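Structure, as structure tokens:
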């Protein structure tokens, strides 16, 4: 079954108070001087992009409502999509939200790291951060530059991904500049991020805890600590979202992406047929490929290889960069199949990002069932 995806339906509400001023964007080295400059900008209400282990974040002083509104203006982000607040250690959570036993348990085990916990917020957190909700997402990043920046700034930093809203997330400083040059004050260049996909988000404000977004920390690891299965989130609807990463279409290249979803063998065969048909129709085709498919894809297609199917960690570091490279190649259509096992671990996060990035999803299993019924 081929499923076209609607883009941005009902998602145009913006902060009316957030006016975009043209800014001179400085590229700062991630050394002591650069971090000190970035920290001063944040304390003064400015916007700084910085590396975390997952992706680059676009930071503002989380307790400064005007600074937070500037994030939404720079990214062109809807006001009902909440932000994650980054802090240097779990002790800083006390000024933002409730530190209950489950938060202590998960934070103690997985912070610093790619885990965001959604907790009941305190009144100190501006409603701009939380889309007016009574919960806030909090994370302690592990990246040494992020840690140094948080300690130098001495303020919590609200930071969504440092890209234009809906675009593939940035994993290098250049990706940030490609999207936000002239919209923000500075970018701290810490090189390529090590995880490559956003943090896992778990809502611990409810019982049992809910998995809102699969990410850089496997859900299975969290469940092992909790001793119970995480409840899956419900599909995103209209109005304020519980956390980032809930929209059905997100992380998307401008070039239309078609995803072939299903078992590896049939999905690979369908991918090759789709590439051949598009080339025969005179289209310029790009393929987001795993190593196992290289010998099958026609040479006329533009390839970006993300790694081996069994090496989800490497694939994650390459996914968004490869997507951006294909998007910049002046192509007509992009094609991909799942790049790792979508049923578990980091593969679950990769499947989530590809489905949200795709303009069209072709579900192989459904097609096979329909063919069997007709036969």
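Tabulated values for the structure
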quantity	calculated
Modelled FRET efficiency - R0 41 Å, residue 154 with residue 224, Cβ distances, 0.05 increments	0.70
Potential extension, residue 311-residue 365 segment - 0.36 nm per residue separation minus Cα distance	17.0 nm
The chain: relative contact order in percent, alpha carbon pairs under 8 Å with at least 6 residues between	20
Protection proxy ranking, peptides 283-295, 205-217, 40-52, average beta carbon neighbours within 10 Å, highest first	40-52, 205-217, 283-295
The chain, helix-only ellipticity at 222 nm - DSSP H runs n ≥ 4, -39,500 (n - 2.57), divided by all residues, nearest 500	-9500 deg cm²/dmol
Folded to 0 to 90 degrees: helix 32-43 orientation relative to the chain principal axis, Cα	80
Degrees, to the nearest 10: 264-280 long Cα axis against longest axis of the chain	80
Euclidean distance between Cα centres, the stretch 78-129 to the stretch 295-338, Å	34
Added length on full extension, which subtracts the Cα-Cα distance from 0.36 nm per residue, residue 94 to residue 178	26.6 nm
Estimated inter-spin distance, residue 27 and residue 40, nm [label 7 Å along Cα→Cβ]	2.2
Per-pair calculated FRET efficiency, R0 = 45 Å: residue 123 and residue 325 via Cβ, rounded to 0.05	0.50
Label point distance in nm, residue 80-residue 109, each placed 7 Å from Cα along Cα→Cβ	3.5
Folded to 0 to 90 degrees: helix 345-357 orientation relative to the chain principal axis, Cα	80
Ranking of 202, 275 by count of other Cβ atoms within 10 Å, fewest first	275, 202
Sequence-separation-based contact order of the stretch 8-232, relative, with Cα cut under 8 Å and 6+ spacing, percent	30
Kirkwood hydrodynamic radius (C-alpha pairs) into Stokes-Einstein, the chain, 10 °C and 1.306 mPa s, D in µm²/s	75
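Values quoted throughout were computed directly from the atomic coordinates according to the rules given, and no laboratory measurement underlies them. Predicted, not measured: the structure shown is a model, and the values here were computed from it. Note: ideal-geometry Cβ built from the backbone for every residue, glycine included; neighbour counts use all protein chains shown.
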